[in-house]
1. Any chance you could count how many residues in segment A:409-421 are more than 10 Å from chain B (Cβ to nearest Cβ) and open to solvent by 10 Å² or more (accessible area, probe 1.4 Å)?
2. Any residue that is away from chain B (no Cβ under 14 Å), farther than 16 Å from A:F172 by Cβ and either touching a residue at least 12 places away in the same chain (Cβ under 8 Å) or open to solvent by 20 Å² or more (accessible area, probe 1.4 Å) (or both) - is there at least one of those in segment A:43-59?
3. Could you grab me the full set of residues in segment B:313-358 that are in contact with a Cys (Cβ under 7 Å, 6 or more places away or on another chain) and over 17 Å from B:W242 (Cβ atoms)?
4. Look at B:A466 and say whether it is surrounded by fewer than 20 Cβ atoms within 10 Å (Cβ to Cβ), more than 14 Å from chain A (Cβ to nearest Cβ), in contact with a strand residue (DSSP E or B) (Cβ under 7 Å, 6 or more places away or on another chain) and of a type in the set (G, A, S).
5. What single numbered condition from (1) open to solvent by less than 20 Å² (accessible area, probe 1.4 Å); (2) in contact with an Asp or Glu (Cβ under 7 Å, 6 or more places away or on another chain) fails to hold for B:L118?
6. Across segment B:4-36, what is the number of residues that are more than 9 Å from chain A (Cβ to nearest Cβ) and of a type in the set (D, E, K, R)?
7. Output the residues belonging to segment B:324-358 that are in contact with a strand residue (DSSP E or B) (Cβ under 8 Å, 6 or more places away or on another chain), in a helix (DSSP H, G or I) and within 14 Å of chain A (Cβ to nearest Cβ).
8. Which members of segment A:16-35 meet the condition of being part of a loop (DSSP other than H, G, I, E, B) and either touching an Asp or Glu at 6+ places or on another chain (Cβ under 6 Å) or open to solvent by less than 10 Å² (accessible area, probe 1.4 Å) (or both)?
Protein chains: 2
Amino acid sequence: MPDSSIPRTTSAYDYPLLIKSLLFCPAVDAPEQEIVYRGSFRYTYRTLHERVRRLANALTNLGVGPGDTVAVMDWDSHRYLECFFAVPMIGAVLHTINVRLSPEQILYTIDHAEDDVLLVNSEFLPILEQIRGRIDTVKNYIVLNDEDKLPATTITFDGEYEALLKEAATTFDFPDFDENIRATTFYTTGTTGMPKGVYFSQRQLVLHSLGVLAALGTASHGRFHRQDVYMPITPMFHVHAWGMPYVATMLGVKQVYPGRYVPDHLLELVEKEKVTFSHCVPTILHMLLKHPHAQRIDLSGWKLIIGGAAMSRTLCIEAMQRGIDLFTGYGMSETCPILTFAHLTPEMLELSSEEQALIRCKTGQSIPLVDLRIVDSEHRELPRDNSSKGELVVRAPWLTQGYLKDHKASERLWEGGYLHTGDVAMRDQRGYVKITDRTKDVIKVAGEWISSLELEDIIAHHPAVAEVAVIGVTDEKWGERPLALVVLRPGSSVTEKILSHHVREYADRGQVNKQVVLLRVRFVEAIDKTSVGKISKVILREKYGSVP
Amino acid sequence: MPDSSIPRTTSAYDYPLLIKSLLFCPAVDAPEQEIVYRGSFRYTYRTLHERVRRLANALTNLGVGPGDTVAVMDWDSHRYLECFFAVPMIGAVLHTINVRLSPEQILYTIDHAEDDVLLVNSEFLPILEQIRGRIDTVKNYIVLNDEDKLPATTITFDGEYEALLKEAATTFDFPDFDENIRATTFYTTGTTGMPKGVYFSQRQLVLHSLGVLAALGTASHGRFHRQDVYMPITPMFHVHAWGMPYVATMLGVKQVYPGRYVPDHLLELVEKEKVTFSHCVPTILHMLLKHPHAQRIDLSGWKLIIGGAAMSRTLCIEAMQRGIDLFTGYGMSETCPILTFAHLTPEMLELSSEEQALIRCKTGQSIPLVDLRIVDSEHRELPRDNSSKGELVVRAPWLTQGYLKDHKASERLWEGGYLHTGDVAMRDQRGYVKITDRTKDVIKVAGEWISSLELEDIIAHHPAVAEVAVIGVTDEKWGERPLALVVLRPGSSVTEKILSHHVREYADRGQVNKQVVLLRVRFVEAIDKTSVGKISKVILREKYGSVP
């Protein structure tokens, strides 16, 4: 095969995709644009750039260089934004510590990520005090303080953030690096085991920013543009606040960082700073709408990406009634995160609120470059008929290439060369995906998917049933078959045959996959629960999974 | 330095940026969207994808593989669009032949690009007949025919495009390649010498598409979105029709390919197909507006990128009066091409037409990732004061890495690690660039730029002057100084001193750089012209450039 790589000229600049590239346009076009912290502190993009250079000098003075890891414990702040840029721009890795983890888990992630420097908001000193003697890798501590006085602490700091920046030089010539160096790391908590580390390269973050902006810009509603005012309401420590601070900065819009999420403060910021673009999980939206202050504030025109969990139609309609232009965005820690948006077409925008809400609550259409597939157990792509369900697998230029130092879990994540989202979904003819289950909640019977959640719902409708949990049990002939663990109502009695017949009626009406007739039933006294009272399928599978 | 490249998992997919990636979303979201050729032929994106696969098979059957070059001679067509995708998607290089070159120049580019296969519209057979005996590299010829019958020809074809596609299989599993392989090549004609070949990798075309879409989507006006209907009016053989067919396809919009540019046909397509987004050079716009049919057609809401040459304010205002939303886009063959857009802010959209036209005619603001600098002769960046003029140099992820097989010209293009646009420009505080000259038209006096065009304009205002041309001549003390070659009006007489005084008055009023006082004047009988009657600065520099 002849060499067809493009010829290079000695002097030609072979442009690497680096975090610093995101700053070229706003530095030139929007130097006077504002960045606001908690409504009380504000500066311009010009100052952001200067402080990014100062921070780069301050870190370099401490000996931080390419390949070192700088960890941050903070709420959403302008200082965090400065770290989003300065840390990767000197070739170091930014570890965004999830401050909601237990102190033991935080210690685990600091050790696991091999953090060299730790920047910590004084609010989190009590956490740090609990684990300080056991941190092995961190050489330097920097404190971030919003109060007049630093709280009493036994930790020795190498400096206070603002003082270090003040002392640091204002110029810094950011070098080029291989675009594939690691820029960020953070930890995602599964239902079992210790948190797992995911990681993203500078190239991946730049491509994610471009892809998201191209998708958000060209939409018919909820579009992100240069006149918007941006405020994150998913934390910066969680998947880079969905990568949106990078997108917002590249676009050069006004940005508002709210610190800790306190409902009335968030609402006040939306009103006073005229916030027009945000993103949050359904729980936060619910909390904001129910807050007494919410009624006093005009929320109309507020564009809101909802993700992290499925949004209920009721919540969606309630928000729409307040004039909020909300839609689903889908992704996960492993995917940087954004893969899809549930934008509506102009025709869909003519539909009733109820019909619109159905679409706004879908998972959405994939954004540019995202190769999203719904496949069966043989990895064959399923038809886009809005009913064939399969596992959602994906390729995109911004997916974690594995879990940090966890080869086995990495291989499982990427089995067959596609990232396994662990979600079960279907897709309609216009490309709108809808997630219906987690794969761990489905049972593969003769290669067909049965939703354990759906089957539980059907069985629970029977008057004799008090409680039910469905799991898959291995079966020689069918691969798996469903097993229902049933607690009967006091005084009721029912046989396996009667319950099977009850389920078959749903199958006969086409409301559920016909493989449900392979159901086995086991009557139990109680169903095992986790410490927080949720049905523990993990325990149930251990206990009954191999029962014939 | 510790290795900080991201760890890879064996099974993880390391996503290359390939042309095929642009098709992922529209294939899923817009399978029924239309593509129209000359208003008479139309099909869906679903068919586009099928025909791209068929074409890939047809070419593979001919023995075309990675690294081979496939050349196309056609007007703007759906077939050309199919080649835009299928050729790079099998790893081959697409050579878009400029059909406006002379047959000898076309022969030169075919030889120089080492074309293996040539697809030619039957309309261009007369050109091919003239050079056919002298084409050395082409092994296969394919004819594209819109007529009922193929015109008489002595050339032996390996097939007719539609017949080949009909015979070809409909499935093709497009493999992955290194994203840095060459995807396209075309030739740019300078004022001297033979055409020079530029080239772009698959990665560069993908990044250009994303960057352009992110910029066009987030603008306050003239934005490109999913409901638009796109029609190119800069040829597909010229810088990939500004890369817009790739952008439009990624977005999944309706596309209209007009064939040869015939004014009344173009106007008819705009009206009948409801075209809302196009791009053209000022000359075409002028031609369309002056066409008698234009008055009958509602052009309001037509978004139009104007590039290739500076647009006059008069033309801009005239188009605005017809309701056209037009703005400048800037770039060149060497830059893929797009670097800037002259979009207006909402506040600017409130200005009068005259004031708006001033901005719409500017070069514009750089699009994401574009590092555009205006520098002095020492490569120091100049202040953004809307008056400091310097050379426009650029870095972006989509610039040609050189001229094909022309090491010397490549090094000149990339001297110092920045691509030299050859344009002289200034920039204002909001980042809007305005090009004022070509570098070859400026004279560097003591490190300061003097515009020869401006100086010619001033001298021409003197009543005794019939014609004037200004060039730079080498000067030991000043580096260069301006020399005016002046033809006097019959019966007039004037001295060097008088003309110098005339020029100095403009300098004293601050209307021109004070270095103009170093002007030397030489009175001549006639000023040398090119064959087409333009002043030949090349001849003048040869003749007078070293005159003391």
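1. 1
2. yes
3. Within segment B:313-358, B:R313, B:C316, B:A357 meet the criteria.
4. It is true that B:A466 is surrounded by fewer than 20 Cβ atoms within 10 Å (Cβ to Cβ), more than 14 Å from chain A (Cβ to nearest Cβ), in contact with a strand residue (DSSP E or B) (Cβ under 7 Å, 6 or more places away or on another chain) and of a type in the set (G, A, S).
5. Just one mismatch for B:L118, condition (2).
6. Residues in segment B:4-36 being more than 9 Å from chain A (Cβ to nearest Cβ) and of a type in the set (D, E, K, R): 2 in total.
7. Within segment B:324-358, B:E334, B:T335 meet the criteria.
8. In the first step, residues of segment A:16-35 are kept if they are part of a loop (DSSP other than H, G, I, E, B); the result is A:16-18, A:30-33.
Passing the criteria: A:P16, A:L17, A:L18.
The values are calculated or read from the model by the stated rules, or taken from the named source; none is laboratory data. Values in this document were obtained by computation on a predicted structure and should not be read as measured data. For neighbour counting, all protein chains shown are included, and Cβ atoms are generated from backbone atoms with ideal geometry for every residue, glycine included. All accessible areas refer to the heavy atoms of the entire protein, side chains included, with ligands and DNA or RNA removed. Shrake-Rupley method; radii C 1.70, N 1.55, O 1.52, S 1.80 Å.
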